[in-house]
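Asks: One structure follows; several queries about it will come next.
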């Protein structure tokens, strides 16, 4: 018997020779037993191969979000430069800012910079990618409307940008913006991050969930509506595995595959079959097959372990992909396909890739953000071109950036 893991098939009896830390795990440095490997995979800590490619952009571009060295909107994908070493990208909730990491671990940013969210020590917009400092140790990135969160390879947490509601987690005056990366505390155990409109969330390597920032709708999950300017743990559980944030709501999955939601719910974006706000995490249904999650401003999207795509929340612009503009307060499957691989939600539009490398998009299109060469709204998934080389996607406020192989 064998099981497939990242990197290939390993024997059910043989040790795995990719241990990231010497002296932990198997019978020799760098050796892991299968059980230990499974534990790391379940926690999302298993080393993954870097996926890199060229990056393309289209849609709204007033702040230079597309990185094309201008502020001209585009209704079709256009490549940014000639480099093929881009690895991770983010264009967050309500954001006109983009950030990316290259395969060498360097961090780059461009677009709107009104809050200092580019991390370049000023508040000047950039219309082309600019390197943030000289470090080569950046590992994970995400951004909200005007703030950025990042994790370095050593597990430290860093934030910068607007701090109007304490979303930087620096325990400083709410009106104090920061235009360069600053570490949050001294811990080296941060693993996953999410940035909403004026709030932030993170998961540590021990599986605990932490939130901070704006909390007027209970969107921090702390059973109150008190703002926090430093990370605060949500409950005592250590079984959280992923987190995503929208305008004023968050969703998270646990290691058992269950889905949980909290915060504002006027459009049904919590998926709880009502429009009642929740200030503590509430389970969405009883299923244990939720896998990948993402949030738009007032919507939520997810891919299950079987590859099916589900959406819910505000649908005024057709961003749920259900062929209409009717809101949904419970998860609803998009078509019958089980070949969806990645999904991202922009402000009022959604994009997803399939396992065959094709790119599909739907929702609002006022700035050409669907990449279809026009500005016509689509309420069902439509393929962007015929290419099968799309790798990663990130949707922002009327703009989208993507990596090709």
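Asks: So if I check each of 154, 171, 163, which one is touching a strand residue (DSSP E or B) at 6+ places or on another chain (Cβ under 8 Å), more than 19 Å from residue 245 (Cβ to Cβ), at pLDDT 95 or above and not in a strand (DSSP E or B)? So that I can check it myself, show each step before the final result.
Replies: Details: 154 fails: touching a strand residue (DSSP E or B) at 6+ places or on another chain (Cβ under 8 Å); 163 fails: more than 19 Å from residue 245 (Cβ to Cβ).
Answer to the check: 171.
Asks: From the list 367, 405, 379, exactly one residue is in contact with a strand residue (DSSP E or B) (Cβ under 7 Å, 6 or more places away or on another chain), modelled with pLDDT under 95 and at negative phi. Which is it? Working first, answer last.
Replies: Values: 367 fails: modelled with pLDDT under 95; 379 fails: modelled with pLDDT under 95.
Checking each option against the conditions leaves just 405.
Asks: Would segment 205-225 turn up any residue that is surrounded by fewer than 24 Cβ atoms within 10 Å (Cβ to Cβ), within 30 Å of residue 85 (Cα to Cα) and touching a strand residue (DSSP E or B) at 6+ places or on another chain (Cβ under 7 Å)?
Replies: So far as segment 205-225 goes, yes, one or more of its residues are surrounded by fewer than 24 Cβ atoms within 10 Å (Cβ to Cβ), within 30 Å of residue 85 (Cα to Cα) and touching a strand residue (DSSP E or B) at 6+ places or on another chain (Cβ under 7 Å).
Asks: Also, I was wondering about something else. Taking residue 276 as the residue in question, decide whether it is crowded, with 18+ Cβ neighbours inside 10 Å and over 25 Å from residue 373 (Cβ atoms).
Replies: Working: crowded, with 18+ Cβ neighbours inside 10 Å: no; over 25 Å from residue 373 (Cβ atoms): yes.
Answer is no for this residue.
Asks: Another one. Given the conditions (1) modelled with pLDDT of 95 or more; (2) under 28 Å from residue 248 (Cα atoms); (3) in contact with a strand residue (DSSP E or B) (Cβ under 6 Å, 6 or more places away or on another chain), report the number of the one that residue 63 does not fulfil.
Replies: Among (1) modelled with pLDDT of 95 or more; (2) under 28 Å from residue 248 (Cα atoms); (3) in contact with a strand residue (DSSP E or B) (Cβ under 6 Å, 6 or more places away or on another chain), the lone unmet condition for residue 63 is (1).
Asks: Among the candidates 332, 353, single out the residue that is touching a residue at least 12 places away in the same chain (Cβ under 8 Å), more than 20 Å from the chain's Cα centre (by Cα) and closer than 24 Å to residue 242 by Cα. Show your work before the answer.
Replies: Details: 353 fails: more than 20 Å from the chain's Cα centre (by Cα).
None of the others qualify; the one that does is 332.
Asks: Six or more apart or on different chains, Cβ atoms under 8 Å: show the pairs whose first residue is in segment 147-158 and at positive phi and whose second is at pLDDT 95 or above and crowded, with 22+ Cβ neighbours inside 10 Å.
Replies: Final answer for the pair search is 155/190; 155/191.
Asks: Would you be able to say whether some residue in segment 189-202 is more than 29 Å from residue 273 (Cβ to Cβ), more than 15 Å from the chain's Cα centre (by Cα) and not in a strand (DSSP E or B)?
Replies: Within segment 189-202, one or more residues are more than 29 Å from residue 273 (Cβ to Cβ), more than 15 Å from the chain's Cα centre (by Cα) and not in a strand (DSSP E or B).
Asks: When you look at residue 33, is it within 30 Å of residue 203 (Cβ to Cβ) and at pLDDT 95 or above, yes or no?
Replies: Answer is no for this residue.
Asks: Give 294, 324 a once-over and let me know the one that is in contact with a strand residue (DSSP E or B) (Cβ under 9 Å, 6 or more places away or on another chain) and under 19 Å from residue 194 (Cβ atoms). Steps first, please.
Replies: Details: 324 fails: under 19 Å from residue 194 (Cβ atoms).
Unique residue meeting the criteria: 294.
Asks: Give segment 361-380 a look and list any residue that's crowded, with 23+ Cβ neighbours inside 10 Å and part of a strand (DSSP E or B), or say none.
Replies: 361, 362, 363
Asks: Hey, another quick one. Pull up segment 178-193, narrow it to residues that are in contact (Cβ under 8 Å) with a residue 60 or more places away in the chain and buried (at least 16 other Cβ atoms within 10 Å of the Cβ), then point me to the one that is nearest to residue 168 (Cα to Cα). Quick ask: steps written out before the conclusion?
Replies: Here is the first cut: in segment 178-193, the residues in contact (Cβ under 8 Å) with a residue 60 or more places away in the chain are 178-181, 191-192.
Next, only the ones that are buried (at least 16 other Cβ atoms within 10 Å of the Cβ) stay: 178-179, 181, 191-192.
Details: 178: 9, 179: 11, 181: 10, 191: 17, 192: 15 Å.
The qualifying residue nearest to residue 168 (Cα to Cα) is 178.
Asks: Being crowded, with 22+ Cβ neighbours inside 10 Å, over 23 Å from residue 235 (Cα atoms) and at pLDDT 95 or above: is that true of residue 116 here? Give the derivation first.
Replies: On the way: crowded, with 22+ Cβ neighbours inside 10 Å: yes; over 23 Å from residue 235 (Cα atoms): yes; at pLDDT 95 or above: yes.
Judged against the criteria, residue 116 is a match.
Okay, residues lined up against (1) under 18 Å from residue 101 (Cα atoms); (2) assigned to a loop (DSSP other than H, G, I, E, B); (3) over 20 Å from the mean Cα position of the chain (by Cα):
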| position | (1), (2), (3) |
| --- | --- |
| 135 | yes, yes, yes |
| 148 | yes, no, no |
| 159 | yes, no, no |
| 181 | yes, no, no |
| 207 | no, yes, no |
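Asks: A further question follows. Looking at 355, 344, 288, 305, which is the one that is under 23 Å from residue 55 (Cβ atoms) and surrounded by fewer than 20 Cβ atoms within 10 Å (Cβ to Cβ)?
Replies: Working: 344 fails: surrounded by fewer than 20 Cβ atoms within 10 Å (Cβ to Cβ); 288 fails: under 23 Å from residue 55 (Cβ atoms); 305 fails: under 23 Å from residue 55 (Cβ atoms).
Matching residue, one of 355, 344, 288, 305: 355.
The values are calculated or read from the model by the stated rules, or taken from the named source; none is laboratory data. Given the structure is predicted, the values throughout are model-derived calculations rather than measurements. Neighbour counts are summed over all protein chains in view; Cβ atoms, including those assigned to glycine, are modelled from backbone coordinates with ideal geometry.
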